[in-house]
Amino acid sequence: MTPRTLFDKIWDEHLVATRSDGTSLLYIDRHLVHEVTSPQAFEGLREAGRPLRRPNSILSVADHNVPTAEREQGIEDETCRLQVEALESNVKDYGVPYLPLLDDRQGIVHVVGPEQGFTLPGTTIVCGDSHTSTHGAFGALAFGIGTSEVEHVLATQTLPQRKSRNLQVRFEGTLPRGLGAKDMALALIGRIGTAGGTGHVIEFTGSAVRALSMEGRMTLCNLSIEGGARSGLVASDETTFAYLLGRPLAPRGALWEAALTHWRTLVTDPEAAFDSEVTLDVASLAPQVTWGTSPQWVTDITGRVPDPDAAASTDDRLAMLRALEYMDLRPGTPIEAIGVQAVFIGSCTNGRIEDLREAAAVARGRKAAPGVRVLVVPGSGLVKRQAEAEGLDRIFLEAGFEWRQPGCSMCLGMNDDRLAEGVRCASTSNRNFEGRQGRGSRTHLVSPGMAAAAAVTGHFTDVRCLMGV
Amino acid sequence: MEPFVTLTGIAAPLLRANIDTDLIIPKQFLKTLVRSGLGRNLFQEVRYDGEGRELPDFVLNQPRYRAASILLAGPNFGCGSSREHAPWALKDFGIRAILAPSFADIFFTNCFANGLLPVALPMEAIESLAGVEGPITVDLPAQQVRGGGLAFSFTIEPARKTVLLEGLDEIKRTEANLADIAAYEVRRRVEAPWLEIRTLP
Ligand code: SF4
């Protein structure tokens, strides 16, 4: 048999039919649904009088629109409330499993899926959300889809697909202390650009990936989409299995054993060829900070804001000039000299327990710098509970940080958590696009440790200096 | 779905690279429960000021481009989120074809589900089309863009072309495979029984 990559294997196992027009019909095992991209899909189903094929293949939760304070009192913003209510009535009508707003297990869909053991190796997972790539950390083929495709999956449990190309990204070496998966991902996007992975599924390999925890692998795969790739994959291994064992929706007993036997075969064959490959040495990485309005515009904390005059082309130069104007930055400014007024710690990129531990380790015994507002938003109710059991909430509160209820929050500001015009923010989220966190807001993407370091010093600071590294 | 065959119209140039979905339609408009009515908020943040007044410099606010049905853009158009609100907003405004050197994957797929045609052309072609005074024709059967004496051929996957030309409903097409899907499900239950999902406790 021809050697196959992990992606090839998952693809082959899910192929329902190859159609005469050359497209493949791929079976979808798992479907995550949230309030923003699903109402029109349910409406389409209803209008066509189609049944929902497999309600039990879905896990639904509201996350984008939800308030992160005083939730018990309901959602004040009417449009947000209507959207959450629409989800609640749709899941009720169609018998879809749902985690209500006040349930401890509610949270960002990409944090909740893995936590519940809904995300399993070798499965196909979709969601009307581009960061579905997160679930690839479990060796699952997971990708974001549009609302029409959501409707397609609700109705048929399949999607017509064209096979992507295989890109191998190899991270080798030992990550220095104070650095994490966020730095690896940002460095990669800086290297390949936001369109570098277009048309590809990335498989992350190498010793530095093997050494990552599940949380770190999720951060890495989460950011695949920012490199243009719809999916990122990390082959499952003992770290994956240890994470999944005993999760509420993970298989048990004999089924667990059978699953394990199969999952162990889901690795890229040694002889398999990738369409392209990129290798990064992580030993020489420094903490990463974005300076522009695209995740690819990133540099080391020890670096400076680049000079557009050094750009490769006129188009690049103009784009950089525009970005620097938007960000209100001058070429040559040391990154460490850039002050912040806001810090956001959370999102499906960095809202898991390990991320909060990393931020708390820096915040412990320190205070937010004067004039800096710091929001800490756990990725789910279970993350929140765990953090509170470990006393992380007290560390944050003593440092003058706000400790919130779970949701997407200021990652995109669909709820009230928004930045005012011109406010500069160190954010652990995934997008620094113009206006992403609020009209005219200025976002710098960093790791949780770096975000906490900016919070307590008031400007970007090498987290390693605060850790005594 | 409304078929796409041949389109002749004004092409508005917005020649930036990496036009993301947040720029096409910002989050505050994702709270809608319907697909229509988003056209007036297309490119909201660069089209209007903080008080909702039109910014005269923005291309779609200029008299000659107000009725544009074609958009010319830089590479990696539609990067960012999966929101189908982006093609919905473009379509609601009246845009039916987007010409750019490259597109982000999810946006590209979302276009076809809504009868929009994304055409990949080299940047030089886009730039010369931006200089054309009159209307431009996007001819899908001939796979050609013409205007101002210029003509550029483009490629498109045959399956995608058919979907647009005939205005096909993808779900209906897939329903032709329902027996295959059922057979697959039976087989999977035997081969991978651990995939059966337990009900949430
Ligand atoms: S946390 Fe941000 S990126 Fe993640 S799902 Fe929510 S809005 Fe999207």
Sequence gap at least 6, Cα distance under 8 Å: using those rules, report the relative contact order of the range B:116-198 to the nearest whole percent. 19
For chain B, share of DSSP beta bridges that run antiparallel, in % to the nearest 5: 50
Lys/Arg +1, Asp/Glu -1 at C-beta; the protein assembly as shown dipole; positive extreme among A:A235, B:F4, A:V126: A:A235
Before anything else, pin down the relative contact order of chain A: Cα pairs under 8 Å, at least 6 apart, normalised by residue count, whole percent. 17
Between the range B:1-79 and the range A:355-404, what's the alpha-carbon centroid distance in Å? 40
Taking the inverse of the average 1/r across all pairs of different Cα atoms in the range B:6-167, what Kirkwood radius in Å do you get? 15.8
Cα-based Rg (one decimal) and Dmax (whole number) for the range B:77-201, in Å? 19.9, 67
Count charges around A:I353 for me, please; just the other residues with Cβ under 9 Å from its Cβ, Lys/Arg as +1, Asp/Glu as -1. -2
Close lysine pairs (the protein assembly as shown; alpha-carbon distance under 25 Å; 8 or more apart or on separate chains) counted at 13
Extension gain from A:A389 to A:E402, taking 0.36 nm per residue of separation minus the Cα-Cα distance: 3.0 nm
In whole percent, what relative contact order does the range B:6-167 give with Cα contacts below 8 Å and a gap of six or more residues? 25
Could you list A:L102, B:L140, A:L32 so that the one with the fewest beta carbons within 10 Å of its beta carbon is first and the one with the most is last? A:L102, B:L140, A:L32
³J(HN,Hα) computed for each position of the range A:76-87 - Karplus, 6.51 cos²θ - 1.76 cosθ + 1.60, integer Hz, glycine/proline x: 6, 5, 5, 5, 5, 5, 4, 5, 5, 5, 4, 4
Tell me, rounded to the nearest percent, the portion of alpha carbon pairs in the range A:279-385 spaced more than 19 Å apart. 59
Given the options B:P118, B:P13, B:P141, which has the most mean-square fluctuation in a GNM of chain B, springs set between C-alpha atoms less than 10 angstrom apart? B:P141
How large is the convex hull of the Cα atoms of the protein assembly as shown per residue, expressed in Å³ as a whole number? 148
Determine the equivalent ellipsoid of the range B:121-170 by diagonalising the alpha-carbon gyration tensor, then write out the semi-axes as square roots of 5 times the eigenvalues, largest first, rounded to whole Å. 25, 11, 8
A:C465/A:E277 FRET efficiency (R0 30 Å; Cβ-Cβ; nearest 0.05): 0.30
Need the C-alpha centroid separation for the range A:104-169 versus the range B:84-98, integer Å. 25
In the range A:390-452, which GluC sites (Glu not before Pro) are in a loop and have at most 14 other Cβ atoms within 10 Å, using DSSP for the loop call? A:E390, A:E421
Could you work out the local net charge near A:I301, counting Lys and Arg as +1, Asp and Glu as -1, over the other residues with Cβ closer than 10 Å to its Cβ? -3
How large is ³J(HN,Hα) for each residue in the range A:149-165, as worked out from phi by the Karplus curve 6.51 cos²θ - 1.76 cosθ + 1.60 (θ = phi - 60°), to whole Hz, x for Gly and Pro? 6, 4, 4, 4, 6, 4, 7, 10, 6, 9, 9, x, 9, 10, 6, 6, 7
What ranking, highest mean first, results for peptides B:73-79, B:32-38 when packing means the other Cβ atoms within 10 Å averaged over each residue? B:73-79, B:32-38
Amide H of B:L72 versus every other amide H placed in the peptide plane: which residues, excluding those fewer than 5 positions away on the same chain, fall under 5 Å? B:A12, B:L14, B:L99
Can you run the Rg to Rh ratio on the range A:366-469? Use alpha carbon positions and the Kirkwood inverse-distance Rh. 0.96
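Readers should treat all values here as calculations from the given coordinates under stated rules, not as data from a laboratory. For clarity, every value in this text was computed on a predicted model and none was experimentally measured. Cβ: placed from backbone, ideal geometry, glycine included. Neighbour counts: every protein chain shown.
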